[in-house]
Every structure is written in structure tokens, then in C-alpha cells.
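Asks: Following this message is one structure expressed as C-alpha cells.
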Amino acid sequence: MAFVILIVVLFVAAVAAGAFVGVRVRSRRARGDLEGTPPGEKAPPTRPPPPAPEPAPEPAGEALGEGPLPVGEAPSLRSRLGKARNLLSGYVGGVLARGTIDASTWDDLEEALLGVDVGVATTDVLLAELRGLVKAERIKDPARLTDVLKERLVDEMRFDDRSLHFEPGVPNVWLFVGVNGVGKTTTIGKIARRQVADERRTVVMAAGDTFRAAAADQLELWAQRVDAEIVRGAEGGDPSAVVFDAVQRAAARGRDLVLADTAGRLHTRINLMEELKKIRRVADRPPAKVSETLLVIDATTGQNGLAQARQFADAAGVTGVVLTKLDGTARGGIVVAIQRDLGLPVKLVGIGEGPEDLIPFDPEEFVEALFS
Ligand SMILES: Nc1nc2c(ncn2[C@@H]2O[C@H](COP(=O)(O)OP(=O)(O)O)[C@@H](O)[C@H]2O)c(=O)[nH]1
Ligand SMILES: [Mg+2]
């Protein structure tokens, strides 16, 4: 009997204890206290936090950003020539690995040079010379051969003067010509920035691309950013008149430099080359002086761009080339063909869309960057 009573008492105690624990758990849940969370602390949220708000879309001309541009370091050419270097290093690696100079060596070098768009004519000449040299000097070492190739490539690009000419005392005009989309307006912005920040020159931009209003807007954005003045005309207006007005303003206000943008196409049936000659004539009248006419060429167009470039070079009295978009192409070797075929120095190269991404061209640095 006592045993039965003991069982009943234990059972009742167990039920009571279970009920008590259940109440505690429920009350903790109600307060948000869960297993492992000390009382008094907030439980972690059971649902993921709401997603962060979408970033605002990039404004037009995002390469420029907002506000005045800080003047920074230019990037290295080598860091931007990745595509051309990769292509070349594959072949050159093969040549070096073979240890001797044989028929495959010449095939590899030919494919490498054509691959980076040095061009058929230049490649043929260079390789014929190298074959002669290998024979005459009994060169056996592929490393010596690639060194000679590098030297010869640099030789093909020799120009004594790659400076941007400036004559103190009068407003200098630098004219930018080239087909649509090659990077004229961007190049003007980048150059203006350096001229204002480094050379301390005062700059007036002339929005001579009157084909679309957006072209002048794009230039105006650069003018604001780099602290330059701008003269613009009506959409579809006479580009010579815009350049004339800019030159007049520069003369009246004692500004150093007019950077004149032009269109790569025209509304009217007037021949583009005739229009460029007219702009040049107008800009070259005293007191102003056209001290540079820079032909802008897009490296990604490779050998095709060369034919167009020849037309401009003949018509516009070009004094130098700006080769843009070297960063986006394996066809960097076009820089050899341009200087050899057009007989014009490449003065600057564009290696990106940002304000710092325009650097003076140096053939040694270029060849080193390609082969290393
Ligand atoms: N990657 C790269 N893009 C460039 C370079 N130069 C210009 N661009 C881009 O090429 C496009 C056309 O440039 P723009 O200056 O408007 O050409 P324009 O029609 O000759 O005035 C723009 O998107 C530029 O940002 C360069 O050196 N590298
Ligand atoms: Mg433009």
C-alpha cells in the first residue's frame, strides 16, 4: 500500500515539474528569449534583414565622376597592355623554349607580329632583316634573336620629337581630327586637365563637333571638371565659326591654348576634309597659331583605321597622332605601322576612359611592356 502511495506521489510530482518547465519555456519564448540567448538580451531576428537599397545608377560620363578632378598618377603602360602582351608572350615563350632557331621560330614570330597587328608589310621587312642578321652573325640563341627583334621594333618607331608644340605669347590652337567615336572629345578633356594642372596654361575648348548637341555637352562636362572655358555653337552650325569664336575669345582674354574638337562626319554634303581645311585656315589667322593638329586613331580598328588615317593626314596637315584604346585590344602593334606608314609620330596613347589614362608615348617602354 505504502508502495502504491509512493508511486502516486512521484507521478504527481513529475507532472507538476513538467508543467512548471513548460510554463518557463513558453514565457521565455513570449519574451523573445530562446535557447542559448541569455535572459534580458534581444533574440536575433528570425528573418533576414531587408535587402540594402539598390545603388543609384551611374550618371552619364561616369568615367569623370562628380566634382573637380583630383590630379593623380598616370597608370603604367604595362598594366594596360595585357591583351597584346598575353598574345605575344605565348609565341615568344615558344620561341625561347625551343632553344634553337629553326623554321618554327620564324613561323611563331610571324604569327606573333601579325597577331598584334604590326601589319604584313612591316612584319615582312622585319623578319627578312632578322633572317639576314641571324645568318651573317651566326646567331644561335633565340633569346638573342628576340632581343634584336625588340631593338628593331624600337628603331621602326624612332622620332626625335614627340612633344606637343606650344609657342608662348600667342593663343595656340591644337586641333583634333579623326573619325567618329575614336576618342577625340575624351582626349581633349584629358589633355586639358594636364595642361591646366601641370603646365598652368589657361584653356578654351571649342566645341567644333556641331553634328549632335550631345557632343558639345560631353565637352562641356570636361570643361567644368578641368577648369577650362568652352565656346559652343548651335547644333548643326558652322564648326569654323565656333572655332573662330573660341580663338577670338582666347585672344581677347589672353588665354594660352584653344583645344578645338571637330566632328568625324557632317550634316551637309560638304566634304569633311574641306571643312577641316577651312577650320584650320580660320584658326591659323593671326594672332592665333595652329601649333598642333592631332589625328586621333582608335587602336581597336587596327589596320582598317590606317586607311582612314591616311586621308586625314593628307588633308589636315597632321602633326602627330594620339592612339586611343590601347587598353582594350591585342592590336597594340598598330602603333608600329602608324608611325612607319604615315610617317607621323605617335605623341600620346590612350589607355583607358579615366582622366589619367592618357600618357606620352615612349617606344622603348612600349616594346618592353609588350615583351615582358
Ligand atoms: N578604353 C578606352 N576607351 C576610350 C579611350 N579613349 C576614349 N574612349 C572611349 O571611347 C568612346 C568614344 O570617345 P569620344 O571621345 O566620344 O570619341 P569622339 O567621337 O572621337 O569624340 C567613349 O566611350 C570614350 O570613353 C581609351 O583610351 N581607352
Ligand atoms: Mg566627340
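The values are calculated or read from the model by the stated rules, or taken from the named source; none is laboratory data. Everything numeric here is computed off the predicted structure, so don't read it as measured data. Note: ideal-geometry Cβ built from the backbone for every residue, glycine included; neighbour counts use all protein chains shown.
Asks: Tally the residues that are surrounded by fewer than 17 Cβ atoms within 10 Å (Cβ to Cβ) and part of a helix (DSSP H, G or I), restricting the search to segment 222-240.
Replies: Selection size over segment 222-240: 1.
Asks: Is it true that some residue in segment 135-150 is part of a helix (DSSP H, G or I), within 24 Å of the chain's Cα centre (by Cα) and either within 16 Å of ligand 1 (Cβ to nearest atom) or at negative phi (or both)?
Replies: Looking through segment 135-150, none of the residues is part of a helix (DSSP H, G or I), within 24 Å of the chain's Cα centre (by Cα) and either within 16 Å of ligand 1 (Cβ to nearest atom) or at negative phi (or both).
Asks: I need the full set of residues from segment 183-211 which are β-branched (V, I, T) and modelled with pLDDT of 95 or more, in order please.
Replies: If the condition is that a residue be β-branched (V, I, T) and modelled with pLDDT of 95 or more, then T185, T186, T187, I188, I191, V196, T202, V203, V204 are the ones that fit.
Asks: Looking only at segment 170-182, count every residue that is β-branched (V, I, T), farther than 17 Å from A246 by Cβ and either modelled with pLDDT of 95 or more or near ligand 2 (Cβ under 9 Å from one of its atoms) (or both) and tell me the total.
Replies: Number of matching residues: 1.
Asks: I would also like to ask the following. Considering only segment 272-305, state which residues are under 18 Å from the mean Cα position of the chain (by Cα) and either part of a loop (DSSP other than H, G, I, E, B) or closer than 18 Å to F211 by Cβ (or both). Give the steps one after another, and end with the answer.
Replies: We begin by selecting, within segment 272-305, every residue under 18 Å from the mean Cα position of the chain (by Cα); these are 294-302, 305.
Those that are under 18 Å from the mean Cα position of the chain (by Cα) and either part of a loop (DSSP other than H, G, I, E, B) or closer than 18 Å to F211 by Cβ (or both): V296, D298.
Asks: Would you call A246 surrounded by fewer than 16 Cβ atoms within 10 Å (Cβ to Cβ), more than 27 Å from the chain's Cα centre (by Cα) and part of a helix (DSSP H, G or I)?
Replies: Judged against the criteria, A246 is not a match.
Asks: Is it the case that segment 258-265 has a residue that's at pLDDT 95 or above, charged (D, E, K, R) and over 24 Å from E356 (Cβ atoms)?
Replies: No, every residue in segment 258-265 fails to be at pLDDT 95 or above, charged (D, E, K, R) and over 24 Å from E356 (Cβ atoms).
One line per residue, one yes/no per condition, for (1) under 23 Å from D362 (Cβ atoms); (2) more than 16 Å from ligand 1 (Cβ to nearest atom); (3) part of a loop (DSSP other than H, G, I, E, B):
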| position | (1), (2), (3) |
| --- | --- |
| S163 | yes, yes, yes |
| E167 | no, yes, yes |
| V170 | no, yes, yes |
| N180 | no, no, yes |
| I191 | yes, no, no |
| E199 | yes, yes, yes |
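Asks: Test of understanding: among V243, V204, V231, which residue is in contact with a helix residue (DSSP H, G or I) (Cβ under 8 Å, 6 or more places away or on another chain) and within 16 Å of ligand 1 (Cβ to nearest atom)?
Replies: V243
Asks: Determine, yes or no, whether Q308 is within 16 Å of ligand 2 (Cβ to nearest atom) and assigned to a helix (DSSP H, G or I).
Replies: Values: within 16 Å of ligand 2 (Cβ to nearest atom): yes; assigned to a helix (DSSP H, G or I): yes.
Spelling it out, Q308 is indeed within 16 Å of ligand 2 (Cβ to nearest atom) and assigned to a helix (DSSP H, G or I).
Asks: Also, quick follow-up: Identify all residues within segment 282-339 that are charged (D, E, K, R) and more than 19 Å from L257 (Cβ to Cβ); write none if there are none.
Replies: Once the filter is applied, which keeps residues that are charged (D, E, K, R) and more than 19 Å from L257 (Cβ to Cβ), segment 282-339 yields D298, R310, D314, K325, D327, R331.
Asks: With respect to the numbered conditions (1) surrounded by fewer than 18 Cβ atoms within 10 Å (Cβ to Cβ); (2) under 27 Å from the mean Cα position of the chain (by Cα), which one is the sole condition not fulfilled by R253?
Replies: (2)
Asks: For A207, which of the numbered conditions (1) hydrophobic (A, V, I, L, M, F, W, C); (2) touching a Gly at 6+ places or on another chain (Cβ under 8 Å); (3) part of a loop (DSSP other than H, G, I, E, B) fails to hold?
Replies: (3)
Asks: Could you give me the residue pairs with C-beta distances under 9 Å whose first residue belongs to segment 210-230 and is within 11 Å of ligand 2 (Cβ to nearest atom), whose second residue is part of a loop (DSSP other than H, G, I, E, B) and among the polar types (S, T, N, Q) wherever it lies, and which are 6+ apart or on separate chains?
Replies: F211/N180; A216/T210
Asks: Would you say V154 is in contact with a Pro (Cβ under 7 Å, 6 or more places away or on another chain), in a helix (DSSP H, G or I) and more than 16 Å from ligand 2 (Cβ to nearest atom)?
Replies: For V154, the condition - in contact with a Pro (Cβ under 7 Å, 6 or more places away or on another chain), in a helix (DSSP H, G or I) and more than 16 Å from ligand 2 (Cβ to nearest atom) - is met.
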